[in-house]
Amino acid sequence: MSHTLVPKTYAELLRQKPELFSWLHAIGLVPRQYRGIDLADLTALHVSLPGLDLAQANLRGARLAWSNLSETNLSQANLTGANLRASRLTNADLRSASLVGANLCYAKLIGANLTGANLTGARLRYANLRNANLQDAVLIEADLNYANLSGAQFDGARFEETGGTARRVGAHGNSRNS
């Protein structure tokens, strides 16, 4: 008889004992696939969860500050209002993710794929977005003060609404109406 835990049980373990889940993940005793899982309002500070598949997950309001989520698949995930302050998201897949109002201050998003992500009102002060892909991302009212944007790609990114028409930035930083 198999005693394999189902993803819902792992979600409860992550909610109740994030440090234990992080340790079990590090030694390969938990699966990596959690597509579409509901972890809204999760509190898991300082955890190491690199390489998980959390595509389409609900992480609305999650508190994951100072965590390692490098190479994690968060494409189409709902991270609205999430606290990811000082988290490591190096090479993370955040394509089409909702990061509306998220706290990403001091986060390391080096090489992250944020294509089509919605970062409206997100706080990215001092974030490291070196070589990140922000093509077609929505950055309306996003705070990018002091962020490292070297090598980041912004083609088609929207930074502001003007008279109902979004302002977009081209490949060379020139803005155009769409």
Worksheet, complete the sentence: The residue from 44, 55 that alone is hydrophobic (A, V, I, L, M, F, W, C), touching a strand residue (DSSP E or B) at 6+ places or on another chain (Cβ under 9 Å) and at pLDDT 95 or above is 55
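One residue is enough: does region 157-178 have a residue meeting the conditions hydroxyl-bearing (Ser, Thr, Tyr), at pLDDT 95 or above and not in a strand (DSSP E or B)? So that I can check it myself, show each step before the final result.
Step one: of region 157-178, the residues hydroxyl-bearing (Ser, Thr, Tyr) are 162, 165, 175, 178.
Right, trim to at pLDDT 95 or above and you get none.
Looking for residues that are hydroxyl-bearing (Ser, Thr, Tyr), at pLDDT 95 or above and not in a strand (DSSP E or B), one finds none in region 157-178, hence no.
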Fill in: Residue count, region 60-77 (criterion: in contact with a Ser or Thr (Cβ under 6 Å, 6 or more places away or on another chain), small (Gly, Ala, Ser) and within 20 Å of residue 16 (Cβ to Cβ))
1
Worksheet item: Which one of these does residue 70 not meet: (1) touching a Pro at 6+ places or on another chain (Cβ under 7 Å); (2) buried (at least 22 other Cβ atoms within 10 Å of the Cβ)?
Response: (2)
Fill in: Cross-chain or 6+ apart pairs with Cβ under 8 Å, region 36-65 first and surrounded by 17 or more Cβ atoms within 10 Å (Cβ to Cβ), then aromatic (Phe, Trp, Tyr) and modelled with pLDDT under 95
44/21; 47/21; 49/21; 52/34; 53/34; 54/34; 57/34
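Any residue in region 46-53 that is over 11 Å from the mean Cα position of the chain (by Cα) and closer than 21 Å to residue 125 by Cα? Before the answer, list the steps.
First, pick out the residues of region 46-53 that are over 11 Å from the mean Cα position of the chain (by Cα): 46-53.
If we keep only those that are closer than 21 Å to residue 125 by Cα as well, we get 46.
Taking every residue of region 46-53 in turn, at least one turns out to be over 11 Å from the mean Cα position of the chain (by Cα) and closer than 21 Å to residue 125 by Cα.
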Discussion item. Could you go through region 99-107 and let me know if any residue there is surrounded by fewer than 22 Cβ atoms within 10 Å (Cβ to Cβ), of a type outside the set (Ser, Thr, Tyr) and closer than 19 Å to residue 35 by Cα.
Written reply: no
Fill in: In region 17-41, residue farthest from residue 85 (Cα to Cα) [restricted to those that are touching a strand residue (DSSP E or B) at 6+ places or on another chain (Cβ under 8 Å), among the aliphatic types (A, V, I, L, M) and in a loop (DSSP other than H, G, I, E, B)]
37
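The values are calculated or read from the model by the stated rules, or taken from the named source; none is laboratory data. The model shown is predicted, which means the values in this text are computed figures rather than measured ones. Every residue, glycine as well, gets a Cβ built from its backbone with ideal geometry; the counts of neighbours run over all protein chains shown.
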